[in-house]
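See structure below.
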Amino acid sequence: MKHLVFILCLGCFIGCSSIQQTADDSHPQILTRTPLPVVPTSISQPYFEIDMVLFILEDGSVGNVKLRRASGDAAWDSLAVASIRQWHFIPARFESRIISTWFRLKLTVRYANPIYLPLAEILCNTKDEADSVYQQLLRGEDFDELAMRYSVAPSRLMRGMLGEVDINLYAENIFKAIQQLSAEEFTKPIKFGEQFVIFKRLQKRVV
């Protein structure tokens with residue numbers, strides 16, 4: 001069995017070729033994703049492409065998935081669709097309005113080992129709030145206390161702690177920011193959908 005965790009994405013609107021986009025328009029972007037299923041040994045190629053059409057709702061959830069091309073293994077493809085239905089996107093915008101839309105997404109999928117890191121987070125509703133928290137962190141204030149005071153994520157009840165997370169499951173810009181951290185370091189505020197997040201890499205616990 002082979003672990004499949006790394007995904008390169010190319011996406012575009014469909015059915016909208018007659019509409020001229022403006023600078024305020026944007027297509028859906030992957031925010032978080034659940035892992036695709038483990039690939040069985042019957043799929044021998046080192047990588048393959050998934051071509052699909054998704055209906056992305058205004059809240060960023062996936063309303064529907066239609067495969068155009070996938071692995072060729074019907075059982076794996078069915079499990080992959082179930083996983084993709086749980087992905088979350090930054091929703092599309094048209095004329096500055098958040099909209100639901102059909103969206104074609106091509107994924108070139110290859111195999112790689114998961115990268116699990118112990119993380120904590122502070123999620124803020126606005127950039128100003130996140131910048132204020134970041135400045136307090138730079139002054140040496142305690143991340144745990146700031147998470148409990150300012151974070152709007154459910155993890156605030158755990159002082160911001162997320163546990164060990166496979167960072168491959170984050171969007172590429174977040175993956176890169178976390179990957180660069182040493183233990184006890186934290187990121188700058190990162191746009192996370194309509195909100196902003198600061199991640200901290202924690203020390204690994206010795207069991």
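Computed from the coordinates by the stated procedures, all read-outs in this text should not be read as laboratory data. All values derive from a computational prediction rather than experimental measurement. Here the Cβ positions follow ideal geometry from the backbone for every residue, glycine too, while neighbour counts run over all protein chains shown.
Points worth noting:
- Computed label-point distance, nm, for sites Asp131 and Phe175 using a 7 Å Cα→Cβ extension: 3.0
- Gyration tensor verdict on the stretch 94-187 (Cα atoms; rounded if a/c is under 1.5, prolate if a/b is larger than b/c, oblate otherwise): oblate
- Simple rule: put +1 on each Lys or Arg Cβ and -1 on each Asp or Glu Cβ in the chain, find the dipole, and look at Pro35, Met161, Leu67; the Cα lying farthest toward the positive end is Leu67.
- Radius 15 Å from Cβ of Ala70, net charge of other residues (Lys, Arg +1; Asp, Glu -1): +3
- Taking amide H as placed 1.01 Å from N in the peptide plane, the amide H of Leu31 sits under 5 Å from that of His88, Phe89, Ile90, each at least 5 places away or on another chain.
- Taking the Cα centre of the stretch 116-201 as origin and assigning +1 to Lys and Arg Cβ atoms and -1 to Asp and Glu Cβ atoms, the resulting dipole is close to 80 debye.
- A simple spin-label model places the labels of Asp73 and Lys106 2.4 nm from each other, with each point 7 Å out along Cα-to-Cβ.
- For the chain, the relative contact order works out to 24 percent when only alpha carbon pairs closer than 8 Å and six or more residues apart are counted.
- Working note: 222 nm ellipticity from helices only, DSSP H runs with n ≥ 4, each -39,500 (n - 2.57), summed and divided by the residues of the chain, gives -5500 deg cm²/dmol to the nearest 500.
- Mean Cβ neighbour count within 10 Å, used as a protection proxy, ranking 61-68, 158-165, 135-142 highest first: 158-165, 61-68, 135-142
- Pairs of Cα atoms farther than 17 Å apart, the stretch 154-207, %: 38
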